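The values are calculated or read from the model by the stated rules, or taken from the named source; none is laboratory data. In this text the structure is predicted, and so the values were computed from the model without any measurement. Neighbour counts run over all protein chains shown; Cβ positions are idealised from the backbone, glycine included. Side chains included, ligands, DNA and RNA excluded: accessible areas come from the protein's heavy atoms. Shrake-Rupley method; radii C 1.70, N 1.55, O 1.52, S 1.80 Å.
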Amino acid sequence: MRFVITLAAVLASTVVAAAAEAKGFYTSVYGGANWDDVISAPFVDENTGLVIGGTVGTSIDSVPGLRIEADLSFRQNEVDIFGGFISADHDTVALMGNVVYDLPVNMGPVHPYVLAGVGFAQTSATFEDVALLKLESSGVAWQLGAGLNTKVADNVTAGIGYRYFNAPELEVLGLNLSDGSNHSVVAQVAFQF
């Protein structure tokens, strides 16, 4: 818990300090498909899940193209075991601090970006057909991403992107149920202030 409070304080102070030299703030929402790497076994079927999230960030005037943001996200995947005889919901909630760089590449109205982030995540697996069985793990998480944005209206951009997200592993009795790896394809809308 001390780590979470320290991380939140550092992230908040970084955003506030950057705001002093920033052009303005932005906020965005995103959502899309999520694929979670679970145990690889013939009796385990993973369904495509979802990811939803939002960011609050700012541009850094002293470094053109550089942005920092706070990112809160939720991922959920359903896993069927033994043909659906047992089902589990695999959920992850994360608070990340991201650094985003808008690449200075001339692609007309489309603007590519890359993203790297670190933060804290809590992941859990709740087995729906097995009473009182819930596994949880929390700790440091990180992500890498890339995508394309385009202006759709004054102070509004929209885009698509890919994110590789790594959360804490889930284990039971020494068996690794999930290595924490997630692959997401997202659509996003951002509003500048």
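Observations, loosely collected:
- Enumeration of residues in region 97-112 that are of a type in the set (Gly, Ala, Ser) and touching a residue at least 24 places away in the same chain (Cβ under 8 Å): GLY97
- Annotation note: of ALA17, ALA9, the sole residue that is open to solvent by 20 Å² or more (accessible area, probe 1.4 Å), more than 17 Å from LEU95 (Cβ to Cβ), at pLDDT below 75 and outside any strand (DSSP E or B) is ALA17.
- Index of the failed condition, ALA70 passing every other in (1) at pLDDT 95 or above; (2) loosely packed, with under 14 Cβ neighbours inside 10 Å; (3) in contact with a Gly (Cβ under 9 Å, 6 or more places away or on another chain): (2)
- Residues within region 155-171 that are outside any strand (DSSP E or B) and open to solvent by 50 Å² or more (accessible area, probe 1.4 Å), tallied: 2
- Within region 125-154, residues that are within 19 Å of MET96 (Cβ to Cβ) and assigned to a strand (DSSP E or B) have Cβ atoms under 7 Å from residues that are modelled with pLDDT under 90 and open to solvent by 70 Å² or more (accessible area, probe 1.4 Å) in these pairs: SER137/GLU169, counting only partners at least 6 apart in sequence or on another chain.
- Some residue of region 124-139 being open to solvent by 60 Å² or more (accessible area, probe 1.4 Å) and modelled with pLDDT of 95 or more: no
- Counted as qualifying within region 21-112 are the strands (runs of 3 or more DSSP E) with 3 or more residues that are charged (D, E, K, R) and under 21 Å from the mean Cα position of the chain (by Cα), namely 66-81, 86-102.
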